[in-house]
1. For the stretch 191-199, what does the Karplus curve 6.51 cos²θ - 1.76 cosθ + 1.60, with θ = phi - 60°, yield as ³J(HN,Hα) per residue in whole Hz, taken in order and with x for Gly and Pro?
2. When you count, for each residue, the other Cβ atoms within 10 Å and take the mean per peptide, how do 144-154, 130-140, 107-117 rank with the highest first?
3. With the dipole of the stretch 145-190 worked out from charges on the C-beta (+1 for Lys and Arg, -1 for Asp and Glu) around the Cα centre, which of His154, Asn178, Tyr165 lies farthest toward the positive end?
4. Check which residues have an amide H placed less than 5 Å from Ala36's amide H, if you skip close sequence neighbours.
5. Working out 0.36 nm times the residue gap between Leu67 and Ala45, then minus their Cα-Cα distance, what length gain in nm do you get to one decimal?
6. In whole Hz, what ³J(HN,Hα) sequence does the stretch 98-103 give by Karplus (6.51, -1.76, 1.60; θ = phi - 60°), x for Gly and Pro?
7. For the stretch 151-163, take each phi angle, set θ = phi - 60°, evaluate the Karplus expression 6.51 cos²θ - 1.76 cosθ + 1.60, and give the result in whole Hz per residue in order, putting x for glycine and proline.
8. Compute the FRET efficiency between Ala86 and Thr124 as 1/(1 + (r/R0)^6), taking r as their Cβ-Cβ distance and R0 = 30 Å, and round to the nearest 0.05.
Amino acid sequence: MQQLKYRRGTCYRPNQKVRGGKRHLRRLQAESTCAALLSIDALLARQYYYAKLGLHPWHGHRQPPKLVRQLAAQHLLTTFFAWQPALAALSEPVYSAVWLVGPEFAHSSQVVAGIGERTAYYRTIFGEADPDGPPLPAEYRELPNANKLTWQTHPWHILVDSVDYPEGWPAWALEKPNYPCQPEDNDEYLLVQTGWVWVGTLPAALPA
């Protein structure tokens, strides 16, 4: 999995009317109460495992309808809690969290689990939480079991590549919080904050 704080932006199409929308909503309603499978073997081999949303045909929409987002977020919450017994049975520390992303909700929201070196990687992937950032939106906060998690707000960044804009950075990027960066490949990039990501984890255990 690529490091999301240095990921490129997602291409979106205009929000067009979805064919068979009611049928797809019925599918999402069924999936919202079902958990994605967790492969412990894959987790142990790769040190990470994740489950995304599968929001076709809304995958390319920047912001799917509210009901679609709620059903998809409920699926992630169901998955997160279904994974906990198997993760707790491992004989090593585990990072597990729900990531709800705006505006790239359909593309990037997911449940993640990591062990070994991935635990530190996942804990720092979004940088420091922003105490002044917006809290978890009410449309997610009101979902069953969402209140059992501790939610932190982090900036969500994308990379704008200078190769794509040889005549200068685009106005839309300069209007948002941004700063230049130069990763190891030596291309010049602009890191642009396009929104927020809400990270939900189990509350820290109280000291004995």
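Values quoted throughout were computed directly from the atomic coordinates according to the rules given, and no laboratory measurement underlies them. As the structure is a computational prediction, the values presented were derived from the model and not from experiment. FYI the Cβ positions are ideal-geometry reconstructions off the backbone, even for glycines, and counts take in every protein chain you see.
1. 8, 10, 7, 9, x, 9, 10, 9, 10
2. Working: 144-154: 15.7, 130-140: 12.9, 107-117: 20.2.
For the peptides 144-154, 130-140, 107-117, the packing ranking is 107-117, 144-154, 130-140.
3. Projecting each Cα onto the dipole axis, the largest value belongs to His154.
4. Thr79
5. Details: separation 22, 0.36 × 22 = 7.92 nm, distance 3.63 nm.
Length gained between Leu67 and Ala45: 4.3 nm.
6. Using θ = phi - 60°, the values come out as 9, 10, 10, 10, x, x Hz.
7. Each residue of the stretch 151-163 in turn: 10, 10, 9, 10, x, 10, 10, 10, 9, 9, 8, 4, 4 Hz.
8. On the way: r = 25 Å, r/R0 = 0.82.
According to the calculation, E is roughly 0.75.
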